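One structure is given here, and the rest of the page talks about it.
Any read-out appearing in this document is the output of simple, stated calculations on the displayed coordinates, not a laboratory observation. A quick note: this is a predicted structure, and the numbers were derived from the prediction, not measured. Positions of Cβ are backbone-derived with ideal geometry, glycine not excepted, and every protein chain shown enters the neighbour counts.
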Amino acid sequence: MPTRLAALDDVTTGVRLPQYRPSRHATGIVHLGIGAFHRAHQAVYTDDALAAGGGDWRIVGVSLRSRIVADALNPQNGLYTLIERGEDAVSARVVASLSRVIAPPDAPEEAIKAMADPSTRIVSLTVTEKAYGIDRATGRVDPAHSTIAIDLGHPQAPTGVLGMLVEALRRRRARGARGVPAFTVLCCDNLPDNGGLVRAGVLDFARRVDPALADWIEAEVAFPSTMVDRITPAPTIETREEAAERIGVEDRAAVAAEAFSQWVVEEKFPAGRPAWEAGGALFVDDVAPYERMKLRMLNGAHSMLAYAGFLSGHAHVRDVMADSSLAALVGRHVKAAAATLEPLSEIDFDDYARSLLQRFRNPNIAHETYQIAMDGTEKLPQRVFEPAVHALQHGQSLRPFAFATAAWMRYSLGHDEEGKTYVLRDPRETEIVALIKEAGAQEAPAALHRLPGLFPDALQQSPSWRNEVDRAFTVMLEQGMAEAARLEAAAI
Ligand code: CS2
């Protein structure tokens, strides 16, 4: 076993290294949710920004639930390898923008201290859709969420992200006569209007514990929205083995991602920001149309192909794309999703659709359908139901969205066609299982339409939507997913 990565000098020559001296740059960002996606995306833009524009913008990472990433990265002084897998070429670079990782039992308190420290000017987040505890319809906190009620009871020792943001901001405001200026909150999760949503949740949380603090946050804190995009499979043993081969030393924090990367950011950083444009980030006034495009076209198609692909026996996205019926349905889905969008002058949706299909086919990326299938109840509303409502209201075909929804419902039965069971890995798994058990598999569509707050009223009450979903689901159940996909593709 080679020695472990801990300094840039350890790395074999020929590997791309950061073009700056990490020790010369202090930290300015605290990032909550230091998973593979952050390491393949925002941390890389920050690495490029440090090289191009300098500044004290290195990142303190925070893991809220496990020590795994901290134990991998801290002995490596935050260094890790990113393997970039294009369709034709694969290359590796070492990233140095991360300084250290705070994890339990030091988190949350040490993380809140870092967030409250005057050196921190941005707190960014990739904590997944389910971690916020915000009711998307109202923007208010959801008291039924696992951390919200507890944190409202103990606001100065919070465990969830909203509580942590509010407590860190409280400490900054309370510090000294004039306080410490606020940091900017940068949500990088795949949620529509992610900045606006987190702002609403933070304000509602703060108002419940300290109305004057809520007023201060309302006046002082910026919450830019962003659209983030880079396909990043969960790292495996093979990722680590490949990294070791490429850099010549062991790296327990290596990640691999596709070569493509995109970041569209709302230009709203009163406390300053790194020169992320050096890594290709695009700064705009309104991120919403980009977010909708990505959520409906990329993520919507991803969810559909994950459920339909998993149940057709395909472990990876690239295998789904090699199945002609499913590939045709992916093509149909991205086209139908594009038809629900307002035009974006900078982007041709046909080109974007073509590039998505090409990215999904990437033979060098082993992206598991089971990974994407996770958290369906958190993902489908913005990915599939919102465009379906648009289609319903504009007389467009509901069929692609109904097929995606039916595939999720079939997946929600919790067993494949051989009877092999799997966990859904959805925060509403218990409710889903109970509803289906009570109704019976055949009645799953009606049962799942009853999940409180999941389906928009417009769909729930639309006989044409309900019929399309029922029809697709019945074929999947009675004839199997592969046959359902074949019949569906034949009808395009
Ligand atoms: C995927 C996304 O797991 C999922 O739900 O759809 O993680 C997707 O790979 C990224 O959004 C791509 O940027």
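Quick notes on this structure:
- Across region 270-277, coupling constants 3J(HN,Hα) worked out from phi with the 6.51/-1.76/1.60 Karplus curve, θ = phi - 60°, read x, 9, x, 7, x, 7, 4, 4 Hz, and Gly and Pro carry x.
- Spin-label pair residue 100-residue 396: with each label point 7 Å from Cα along the Cα-Cβ axis, the two points sit 5.0 nm from one another.
- Within the chain, the longest run free of trypsin sites (Lys or Arg not before Pro) that sit in a DSSP loop with at most 14 other Cβ atoms within 10 Å is 179-419.
- Cα pair distances exceeding 16 angstrom across region 285-341, given as percent: 42
- Amide H contacts under 5 Å for residue 86, placed H, 5+ residues apart: 91, 259
- From least to most packed, judged by other beta carbons within 10 angstrom and beginning with the fewest, 293, 374, 476 follow the order 374, 293, 476.
- Stretchable slack from residue 474 to residue 284, in nm (0.36 nm times residue separation minus alpha-carbon distance): 63.9 nm
- Sites residue 421 and residue 16, calculated FRET efficiency, Cβ-Cβ separation with R0 60 Å, nearest 0.05: 0.85
- Listed values for region 79-86 are Karplus-derived 3J(HN,Hα) couplings in whole Hz (6.51 cos²θ - 1.76 cosθ + 1.60, θ = phi - 60°), namely 6, 7, 9, 10, 9, 9, 10, x, and x replaces Gly and Pro.
- In this structure, the amide hydrogen of residue 98, modeled 1.01 Å from its nitrogen in the peptide plane, lies closer than 5 angstrom to those of 59, counting only residues at least 5 positions away or on a different chain.
- Efficiency of FRET between residue 174 and residue 88 - r from beta-carbon atoms, R0 60 angstrom, step 0.05: 0.60
- For the pair residue 149 and residue 491 in one chain, pulling the backbone fully straight at 0.36 nm per residue adds 118.2 nm over the alpha carbon distance.
- Relative contact order computed over region 33-149 (Cα-Cα under 8 Å; 6+ residues apart), in percent: 25
- Three-way shape call for region 277-375 based on the alpha-carbon gyration tensor, with the a/c threshold at 1.5: prolate
- For residue 457 and residue 319, the difference between the fully extended length at 0.36 nm per residue and the C-alpha to C-alpha distance is 46.1 nm.
- Given 113/268; 130/294; 268/294; 379/437; 335/437, the pairs whose alpha carbons are separated by over 29 Å: 335/437
- Global dimensions of region 382-459 from alpha-carbon coordinates: Rg and Dmax equal 13.4, 40 Å.
- Shown in residue order for region 363-374 are the 3J(HN,Hα) couplings computed by the Karplus curve 6.51 cos²θ - 1.76 cosθ + 1.60 at θ = phi - 60°: x, 8, 10, 9, 9, 6, 4, 5, 5, 6, 5, 4 Hz (x for Gly and Pro).
- Amide proton proximity set for residue 234, modelled H, under 5 Å, gap of 5+: 368
- For the chain, the equivalent ellipsoid built from the Cα gyration tensor has semi-axes of 37, 28, 21 Å, listed from largest to smallest.
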